[in-house]
Amino acid sequence: MNKAQHTTMYMKKSFLFIATITIVLSSFALLGQNVNISNGNVFEGEPFLRINPSNSQHLVHTWMGYDHPYKVAIYYRVSFNGGISWSAKTKIQQENNLFSAADPSIDFDNQGNVFLSYVEFINPPITSDSGGIFIRKSIDGGLTWNTSVKVMDMHSDLGKKAIDRPWLRIDRSGGVNDGNIYITSMNMKGVTNPPYKPYLHRSFDGGNTWEQWKYLDTTNWLAGIWIPHPHPTPDISSNGKFHAVYPSYVYTQSPYIQYIHVHSSDAGNTLSYNSVFFDINNANDTLSKKGFLLRTDPSDSNHLVLLNISNDNGDFDVFIHESFDEGTSWSNAIRINDDPIANNRMQDLVWADYDEDGDLFVAWRDRRNAPDSTFTTSSEIWGAIKWKDSTLFSSNFLISDSLVPYDTILGATSGNDFMSVQFVNDTIYSVWGSNQDGSLDIWFQRTFISGVTSIIDIKKELNNDIYIYPNPASNKINVQIDTRYNELEIFVFSILGERILSVKNQTELDISFLATGTYFIKVKFDGKMELSKIIKIR
């Protein structure tokens, strides 16, 4: 082989590698840049996003933000066109002008009503009325909210202040428990004495009245005295069963921290328990968001997943545990983030959602491109999809459009930089807290899965070599396929999904007329389809 041939082969292999990676990652098209949806100038955090199950264009977003001069309040915005435009930023009025509000959570019922749970409190308490968990209902899609109903008072469980993190789930199964509302909570961190407790609250009349609260844990399944924040994560399966997972560390129950699954077939009247997994590699980091999340598969009531952050490989990664028997048994952990194992880069802030088909989307804060290993370094938001009946996740792909440097605001407030995602009709909706504009705000992104039903590694599956070059390009691009084909079509789309150009049985495209920016190119040949990204430069 002469030098020219060797160079040509090297270039072709390089192009193949680049094209393969780009095609895998670019099957998920960001619909424009990230949007600052809270527009605060001091502090905005703990976002929660829900989409109307009867109308995929109807989004409701709530979060907690600064309320002049010294409080925090709950704010909300609504979109009826899939997040393209939003209603004005509006504040939920507090019960008491001295109270701060926090921890919003929202859900829809089958009639399209929206429910919002949150906490209001003053700490330390200076009056007998020091706050509690509240819920409000909206019958106009979240534009206005009815008078609040108190779910639990700050002092209902004396000395526990059991109002922290009230996560709301509504039964939409269509069964005998349809419409039941469940809220889980826990005692406030740092202001109560052990033992620490997870709680369950229930309403059987659309949130108008609430049953007496009950502990989620019990003898032999206690949360214990060593985990001061035993946060339960709840969900309702498609057959109407209640599920939740909470952490526990009681040495007589287990020498390790364990995650306990509690479930009920009778609306929480009787509770059953089993262990999900034991965390034998737990490491402390006071800033990282090592939270965990339970999700039920709407297409299969037997299928549950638990997402968590763990340092099994020496640094914090995103893992999934699965159950295919309603939580009786659970799989070993599977690592989701696909950056190099043990690369000393921390991942955290995990969130996830199923679509109605049983496809699972998982997102997290990622530091694979950061300069060092700590929490206090730059980060991005990444994600991956596990298609229904697949055993593997897709290659990871970017959700955010910026590598954001760390700011001390994340540490000073213990972050409150949570995220929330929804996965509907092949579109991913994500909100997360980020300081990319210099203050902690909430950012929104729609990510469209561009008609690709599976992630394909060209080298292994199709055995075809596709080269797209040059990329970036200013005038022309070439598409080379190292295989014979009977018919070839090439399409160019804007980042918003608008088709700009199409050619048939032609491998050279003139892009000189395009504005500078990012575009997507779809290549169809003999019934196969691949998607990649091209960058137009001057």
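Please pick out the residue among PHE292, PHE242, PHE278 that is within 25 Å of the chain's Cα centre (by Cα) and without any contact (Cβ under 8 Å) to a residue 40 or more places away in the chain.
PHE278
Residue check: is SER323 over 19 Å from the mean Cα position of the chain (by Cα) and open to solvent by 40 Å² or more (accessible area, probe 1.4 Å)?
no
Have a look at VAL250, VAL305 and point out the one that is open to solvent by less than 10 Å² (accessible area, probe 1.4 Å) and of a type outside the set (Phe, Trp, Tyr).
Among VAL250, VAL305, only VAL305 is open to solvent by less than 10 Å² (accessible area, probe 1.4 Å) and of a type outside the set (Phe, Trp, Tyr).
Looking only at residues in the range 359-407 that are within 18 Å of PHE292 (Cβ to Cβ) and in a loop (DSSP other than H, G, I, E, B), which one is most open to solvent (accessible area, probe 1.4 Å)?
Per the criteria, the residue is PHE393.
For ALA342, are the conditions met, namely being closer than 17 Å to ASN435 by Cβ, among the small types (Gly, Ala, Ser) and assigned to a loop (DSSP other than H, G, I, E, B)?
no
Mind listing whichever residues of the range 206-227 are of a type outside the set (Gly, Ala, Ser) and closer than 27 Å to ASP353 by Cα?
Once the filter is applied, which keeps residues that are of a type outside the set (Gly, Ala, Ser) and closer than 27 Å to ASP353 by Cα, the range 206-227 yields TYR215, LEU216, ASP217, ILE227.
With ASN344, ASN337 as the choices, which residue is touching a Gly at 6+ places or on another chain (Cβ under 9 Å) and among the polar types (S, T, N, Q)?
ASN344
Is the range 345-357 home to any residue that is in a loop (DSSP other than H, G, I, E, B), surrounded by fewer than 23 Cβ atoms within 10 Å (Cβ to Cβ) and without any contact (Cβ under 8 Å) to a residue 40 or more places away in the chain?
Yes, some residue in the range 345-357 is in a loop (DSSP other than H, G, I, E, B), surrounded by fewer than 23 Cβ atoms within 10 Å (Cβ to Cβ) and without any contact (Cβ under 8 Å) to a residue 40 or more places away in the chain.
Counting only residues that are charged (D, E, K, R) and either touching a Cys at 6+ places or on another chain (Cβ under 8 Å) or open to solvent by 10 Å² or more (accessible area, probe 1.4 Å) (or both), which one in the range 408-445 is farthest from TYR75 (Cα to Cα)?
Applying the filter and picking the extreme gives ASP426.
Can you give me the number of residues within the range 192-231 that are touching a residue at least 60 places away in the same chain (Cβ under 8 Å) and of a type in the set (D, E, K, R)?
1
In this structure, is ASP140 open to solvent by 30 Å² or more (accessible area, probe 1.4 Å), acidic (Asp, Glu) and either part of a loop (DSSP other than H, G, I, E, B) or farther than 20 Å from GLY112 by Cα (or both)?
yes
So which strands (runs of 3 or more DSSP E) stay within the range 22-86 end to end and still have 2 or more residues that are of a type in the set (A, V, I, L, M, F, W, C) and either closer than 30 Å to LYS533 by Cα or modelled with pLDDT under 85 (or both)?
Fully inside the range 22-86 and qualifying: 28-30, 44-51.
Which members of the range 77-103 meet the condition of being in contact (Cβ under 8 Å) with a residue 60 or more places away in the chain and open to solvent by 60 Å² or more (accessible area, probe 1.4 Å)?
PHE80
The values are calculated or read from the model by the stated rules, or taken from the named source; none is laboratory data. These figures come from a predicted structure and were not determined experimentally. Glycine also receives a Cβ, built like all others from the backbone with ideal geometry; neighbour counts cover every protein chain displayed. Keep in mind that these areas ignore ligands, DNA and RNA; they rest on the heavy atoms of the full protein, side chains included. Shrake-Rupley method; radii C 1.70, N 1.55, O 1.52, S 1.80 Å.
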